[in-house]
Amino acid sequence: MNKRYPLYIILLLIALATACSQKGPYAITNKVYTHQTDSFLHIIQSQLPPLLIDSTGMQVPAKWVGTVNFGMRKPNYVIIHYTAQDSVQQTLKTFTIKSTQVSAHYVIAKNGTVYHMVSDYLRANQAGLGKWGSITDMNSCSVGIEIDNNGFEPYTDAQIGSLLALLTKLKKDYNIPQANFIGHQDWAPKRKPDPGPLFPWKVLAAHGFSFWSDDILELAPDNYDYITALRLIGYDTSTPKDAIVAFKRHFVQSDTTATVTQLDLNVLFNISRKYQ
Ligand SMILES: [Zn+2]
């Protein structure tokens, strides 16, 4: 039997269904997320050829022809952060307020819960200004992971367990090289201290994310050009002191001063060969 409902009943049912699907403290920001991703469709569906002007001021002939062979661009780096905040609720709030202008793809709570906040295929506002090797726009090629930690406390076992599971998935899904798991401090040594010397990079390296120095270290050569070695790993060495501190916070950890000791040189000499 073909039953017909009046329009107001249908509208009422739609309104009820919409209200039911928008429960929870983040119902509104989830809706904003959907609207924003919808707006990106107009950009990626555009079939306008580029407007190009040659050196004589003439317009270069250009046409659009859609190919049938393409896909989504994938992230190739992972940037690890600490939140420098006191609770995961505070961070979720920070990342769902427009005025802060900051976000991350994932936030990991102290109890190990992983919050996913931006699709891996989209650009989160996490890495900011910095430089790593020849990369100058890390947000466009990386996934950012924030770990709930105020910067002065140990990371929890639950957090590291969840992080390893997440990194394993990201590495597999996007074929991310071992060297491309770095800290915010590595990307922006002049501005950022996270994830700091308490972050267990040795554990991560044992699981294939980033590197750690060998137990037995060779002596670095005499007059070792450690600034060039830092630059070849990826560090922005325009302010050498900051690059040294960032390196030590990641790869030495027991001492994070800007003084370069024989141990630091030996670790760098060892690590630099893993990045070749
Ligand atoms: Zn950070």
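The values are calculated or read from the model by the stated rules, or taken from the named source; none is laboratory data. Keep in mind that this is a model prediction, so the values were computed, not measured. FYI the Cβ positions are ideal-geometry reconstructions off the backbone, even for glycines, and counts take in every protein chain you see. Only protein heavy atoms, including side chains, enter the accessible area calculation; ligands, DNA and RNA are left aside. Shrake-Rupley method; radii C 1.70, N 1.55, O 1.52, S 1.80 Å.
Only strands (runs of 3 or more DSSP E) wholly contained in the range 101-165 count here; list those with 1 or more residues that are surrounded by 22 or more Cβ atoms within 10 Å (Cβ to Cβ).
106-108, 142-147
Could you please find all residues in the range 130-152 being away from the ligand (no atom under 16 Å from the Cβ) and more than 30 Å from L41 (Cβ to Cβ)?
G133, S134 - these are the residues of the range 130-152 that are away from the ligand (no atom under 16 Å from the Cβ) and more than 30 Å from L41 (Cβ to Cβ).
To keep it simple, each residue is scored yes or no on (1) over 27 Å from L166 (Cβ atoms); (2) at pLDDT 95 or above; (3) out of contact with any Leu (no Cβ under 9 Å at 6 or more places or on another chain); (4) of a type in the set (A, V, I, L, M, F, W, C).
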| residue | (1), (2), (3), (4) |
| --- | --- |
| L52 | yes, yes, yes, yes |
| R73 | no, yes, yes, no |
| Q85 | no, yes, yes, no |
| V107 | no, yes, no, yes |
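Which pairs do you get when a residue that is of a type in the set (G, A, S), found in the range 257-276, comes within reach of a residue that is open to solvent by 70 Å² or more (accessible area, probe 1.4 Å), reach meaning Cβ atoms under 8 angstrom, with the pair 6+ apart or on two chains?
Here the result reads A258/K241; S272/L232, each pair linking the range 257-276 to a residue that is open to solvent by 70 Å² or more (accessible area, probe 1.4 Å).
Filter the range 183-196 for residues that are more than 9 Å from the ligand (Cβ to nearest atom) and closer than 18 Å to V267 by Cα and give the result.
Hits for the range 183-196 are D186, G196.
State all residues of the range 109-129 that are on the phi > 0 side of the Ramachandran plot and within 16 Å of the ligand (Cβ to nearest atom); if no residue qualifies, say none.
Scanning the range 109-129 gives a single hit, G128.
Name the residue, out of F209, F251, F199, that is hydrophobic (A, V, I, L, M, F, W, C), within 16 Å of the ligand (Cβ to nearest atom) and open to solvent by less than 10 Å² (accessible area, probe 1.4 Å).
F199
Within the range 257-276, how many residues turn out to be at pLDDT 95 or above and either more than 20 Å from D222 (Cβ to Cβ) or of a type in the set (F, W, Y) (or both)?
Looking only at that region, the number is 4.
Pairs, please: C-beta under 7 Å, at least 6 apart or cross-chain, first residue away from the ligand (no atom under 16 Å from the Cβ) and in the range 70-90, second open to solvent by less than 30 Å² (accessible area, probe 1.4 Å) and of a type in the set (A, V, I, L, M)?
From residues that are away from the ligand (no atom under 16 Å from the Cβ), the pairs are P75/V143; N76/I176.
Of all residues in the range 221-236 being in contact with a helix residue (DSSP H, G or I) (Cβ under 6 Å, 6 or more places away or on another chain) and surrounded by fewer than 21 Cβ atoms within 10 Å (Cβ to Cβ), which is farthest from N76 (Cα to Cα)?
Only one residue tops the list, namely Y224.
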